[in-house]
1. Under 10 Å from the Cβ of Y47, count the other residues' Cβ atoms, weight Lys and Arg +1, Asp and Glu -1, and hand me the total.
2. Cβ neighbours within 10 Å, averaged per peptide: list 92-98, 53-59 in order, most packed at the top.
3. On a full-extension model of 0.36 nm per residue, what is the gain between R149 and E34, subtracting their alpha-carbon distance, rounded to one decimal in nm?
4. Multiplying the sequence separation of E58 and I43 by 0.36 nm and subtracting their Cα-Cα distance, what value in nm do you get?
5. Sketch the reach of a paramagnetic label on F66 as a point 7 Å from Cα along Cα-to-Cβ, and name the residues of segment 109-149 whose backbone nitrogen lies under 20 Å away.
6. Hey, can you rank 112-124, 132-144 by average C-beta count inside 10 Å, highest first?
7. Just the number, please: carbon plus sulfur as a percent of the accessible area of segment 45-86, 1.4 Å probe, no ligands or DNA/RNA counted.
Amino acid sequence: MIFSEKELARLNRSCPMLGGVKLGNKLEKLEKGELETEVFFPIIIEYEVTIGAASGLEIFNADAPFDFEILDVIIQARGTVTGGTMQLKGADVITDAIVCATDNAIDRAGTIDDDYSTISKGDTLEIVCASGNGIAGVKGLVTILAVKR
C-alpha cells in the first residue's frame, strides 16, 4: 500500500475544493485497479498583471498545455484605478468584466460562458483590461480555477 491508514484518513478529510471527494479512498482503489470513475483534481492557474493592457496579456499564447475547463476566476486588485476591470478571453470572451479598481479588493467572475470556457490544448487564453482612466493602472493577481478535460 502506498499510503498508511493515518495518511489515508488525512487525505479523506480532504480540501473543500475537491467537493467532498474522499481522496484517500479513491487513491487506494486506483492502486488496486478498482477505480470505476475518473477523479478530477482542481487546477489553479495564477497570472499577475503588473501593467494593464487591452490585449496581449497572454497566459497561454497558442500553447495551452492540455484541455481544461474554467470553473471560476478570482481577481485581487493590486492598485487603484477608476473603472478598472479584467476579463478572460479565449476564442471569445469567457467571463464578464470583473471589477479590479480598488487596491486589495477581491472580486470574481459573475458569469462564465460555457460555450468558450473550455480551452483546448494549443489554444490561447488572455486577460483583457479596461478602465475609465488609464488601462495601464489596472493591476491584479488573477487566479483561475479549472479542471482538466
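1. Working: positive: none; negative: E46, E48, E58, E126.
The answer is -4.
2. Values: 92-98: 18.0, 53-59: 13.7.
Averaged packing, sorted descending, gives the order 92-98, 53-59.
3. 39.2 nm
4. Working: separation 15, 0.36 × 15 = 5.40 nm, distance 1.77 nm.
Here the segment from E58 to I43 would lengthen by 3.6 nm.
5. In segment 109-149, the label zone of F66 (backbone N under 20 Å from the point 7 Å along Cα→Cβ) covers 117-126, 143-149.
6. Per-residue mean Cβ counts within 10 Å order the peptides as 132-144, 112-124.
7. Values: 970 of 1990 Å².
Carbon with sulfur: 49 percent of the solvent-accessible area.
The values are calculated or read from the model by the stated rules, or taken from the named source; none is laboratory data. Fair warning: this is a prediction, and the values are worked out from it, not measured in the lab. Positions of Cβ are backbone-derived with ideal geometry, glycine not excepted, and every protein chain shown enters the neighbour counts. Each accessible area value is taken on the protein alone, full model and side chains, heavy atoms only, with ligands, DNA and RNA left out. Shrake-Rupley method; radii C 1.70, N 1.55, O 1.52, S 1.80 Å.
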